[in-house]
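Q: Sharing a structure, written as structure tokens. Questions coming.
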Amino acid sequence: MSVSVIIKWGGQEYSISTLSEEDTVLDLKQSIKSLTGVLPERQKLLGLKVKGKPAYDDVKLGDLKLKPNTKIMMMGTREESLEDVLAPPPENDDVVNDFDIEEDVTEVENREENLAKIARRVKDYKVEELNPPRPGKRLLVLDIDYTLFGESLKPRHMLLIIYIAMSKSI
């Protein structure tokens, strides 16, 4: 018994009725190639399923239980169309590899505007002495900020940590 299908591809429909139920999906793809010019390995046939799974090339068309003039959507590209896409790009001097450009990079901490901000803050900062230094005792100054402990520790917790550390070392 003959199998007749309609292949939809590229906005056109191609009718194939020369196949039998003993022919395979690969034979169908070969027939499609003769009509469209798309190689079988570049074809994807949508709607051909056996037991809910895509039909492989060795499946017989009779096993697909196709109705007469079943429409099958094909996705695929002719080799001629792919040659332009797959060809290596032409040499172009307009392309700039910015990894090769060596610039005079100034680190953030050495930038003029940042150094000016630091100088202004040092000049304007007022030191508040909470307790005067004790005569004859060593003084430990710790600059503890959010970079060490994060925002979870409040200043009173920091003072406790400093007190414990100092009392053990004295």
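Q: Give me the extension gain from Arg138 to Lys65: residue separation times 0.36 nm, minus the current Cα-Cα distance, reported in nm with one decimal.
A: On the way: separation 73, 0.36 × 73 = 26.28 nm, distance 9.52 nm.
Difference between extended and current length: 16.8 nm.
Q: Could you give the accessible area per residue of the range 14-85, probe 1.4 Å, as a whole number in Å²? Intermediate results must be reported in sequence, preceding the final value.
A: Working: 4800 Å² over 72 residues.
Accessible surface, normalised per residue, equals 67 Å².
Q: Separation between the Arg78 and Leu46 pseudo-spin-labels, each 7 Å from Cα along Cα→Cβ, expressed in nm?
A: Simple spin-label model gives 2.2 nm for this pair.
Q: How far, in nm, would the chain grow between Glu21 and Asp58 when pulled straight, counting 0.36 nm per residue and subtracting the alpha carbon separation?
A: 12.1 nm
Q: While we're looking at this one, here's another question. Over the range 1-60, what percent of the accessible surface lies on carbon and sulfur atoms, probe 1.4 Å? Before the final figure, lay out each step's value.
A: Working: 1860 of 3750 Å².
Of the solvent-accessible surface of the range 1-60, carbon and sulfur hold 50 percent.
Q: From the residues Ser81, Gln30, Val59, which one has its Cα farthest along the dipole of the range 5-93 in the positive direction, the dipole being from +1 and -1 charges on Cβ of Lys/Arg and Asp/Glu about the Cα centre?
A: Val59
Q: Tell me which lysines have Cα within less than 25 Å of Lys8's Cα, excluding those fewer than 8 residues away on the same chain?
A: Within the straight-line cut-off, Lys8 pairs with Lys29, Lys33, Lys44, Lys49, Lys51, Lys53, Lys60, Lys65, Lys67, Lys71.
The values are calculated or read from the model by the stated rules, or taken from the named source; none is laboratory data. Worth saying up front: this structure is predicted, and the values here are computed from it rather than measured. For neighbour counting, all protein chains shown are included, and Cβ atoms are generated from backbone atoms with ideal geometry for every residue, glycine included. Accessible surface areas use protein heavy atoms only, side chains included; no ligands, DNA or RNA. Shrake-Rupley method; radii C 1.70, N 1.55, O 1.52, S 1.80 Å.
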